[in-house]
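First up is the structure itself, then whatever we jot down about it.
Here, each number is a calculation from the coordinates, and none is a lab measurement. The shown structure was predicted, so the numbers you read here are calculated from the model rather than taken from an experiment. Glycine gets a Cβ as well: all are built from the backbone with ideal geometry, and neighbour counts include every protein chain shown.
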Amino acid sequence: MAHDEVTDRYSSLARAAISGETVIDCGPDAFEQGCFGPAGYDDTAGLPEGALRASLGCGNPVAVAELRKGETVLDLGSGGGIDVLLSARRIGPYGKAYGLDASADMVELARRNAEQAGAANAEFVCGTIEAIPLADHLVDVVISNCVINLSSDKAAVLAETFRVLRPGGRLGISDVVTDSLTDSVTDGAAEARRRAATEQRVGCVAGSLAVVEYRALLAATGFVATSITLTADHGDGVHSAIVQAVKPVISPGLEIRPMREADASQVLAIYQAGLEGGQASFETVAPSWEGFTAGRLPRLRYVAVDTDTDTGEVVGWVAASPVSARPVYAGVVEHSVYVHPGRQAHGIGRALLTAFITASEDAGIWTIQSGIFPENAPSLSLHQALGFRVVGTRERVGLHHGTWRDVIMMERRSTAVGR
């Protein structure tokens, strides 16, 4: 469904709600079976009738967002404002709840509802979820209720969500998804047929993602600790679901995001600086970018960037390499983590490695390995603090600048994957 069609449809529903009608976006059976609309809430006492009439969601994201007092919340596709008003209650007067909707009529309706509810900490803005008109790193939590499935550019939606979240910020949304027959993406034609049939039947889904596709898109955007929990089953493989994820935690002024090709020169410069320190690796010269990428997994590559500079300077990176092509080792990787020599001892390496561990578990990795020189005490201490254990020492395993050196072998076995 085209963007303008979606906006026009919901604008007409908003005008109906303003005139006092109860709006319905799906068939009655969809509401009964899937808790669409206000049936999905259990805490609507005191909300304006207009907000309840215009409730078109497929769940209650506020109930799973774990909102805390004083936080800033953004609702994507806020409609009549029910989730914004519920969020405004939970975060209290020192918090801020934003609602974003592409329909000017919906924004007008939501503003009326907020005024009637006395929600002074709620603000509604008109704009698209693919280009959120808010500043970087502004919000602590992003919620949404059965809206992202309506977008034809979900990658842009998640990228914008990642941008406006602060480090450590949370995504907690309700959405409509399709399941998959296997752990990999199923046949495209069969998937398309299933989606088309259920969209026609349910009437309120426009381009839902399969669960595995949703997970992959979240990971590619940079989110970690992803969780997709199916709630209501609408038949034919279509479900309402709660989708949760986290933006990696790091100190203010910094951000952890996936590594890009544009980062190549800075990543390799940090790599070379680490090698010249003499305690990072047996390597003495950083590889070319082609060599770097060829030896590392395409995912599980992250950089820490300085967001206080216009250039977004890379100040550290982490990446993984497979230990073997044999299927039995599919969940075992070796990693490297490097920090700019001028930015060490500021927690950047710890933040990168923490994010990497979480992302690796999301990807089904059960063991992370690393070889560390005994003289590299900071690295040994960091890895032990994050759950790595020493499994042995390879004595005099290689010659480095004319000296035979030992390597301490460490590994971290996941307590969540492969048990």
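Quick notes on this one:
- With the simple spin-label model, which puts each label point 7 Å out from Cα in the Cβ direction, the V397 to V125 separation comes to 5.1 nm.
- Here the Karplus curve 6.51 cos²θ - 1.76 cosθ + 1.60, taken at θ = phi - 60°, turns the phi angles of the stretch 349-361 into couplings of x, 5, 5, 4, 5, 4, 4, 4, 4, 5, 5, 5, 5 Hz, with x standing for Gly and Pro.
- Estimated FRET transfer efficiency when R0 is 51 angstrom, pair E375-L230 (beta carbons, to 0.05): 0.50
- In percent, rounded to a whole number, the relative contact order of the stretch 246-387 is 25, using alpha-carbon pairs under 8 Å and six or more apart.
- Relative to the 2.2 N^0.38 Å rule of thumb, the stretch 206-279 has a C-alpha radius of gyration ratio of 1.65.
- For the pair R260 and L297, label points projected 7 Å from Cα toward Cβ lie 2.3 nm apart.
- Once the Cβ-Cβ distance of V285 and E115 is raised to the sixth power relative to R0 = 41 Å, the FRET efficiency obtained is 0.05.
- Using the empirical formula 2.2 N^0.38 Å as the baseline, the Cα radius of gyration of the stretch 254-413 reaches a ratio of 1.00.
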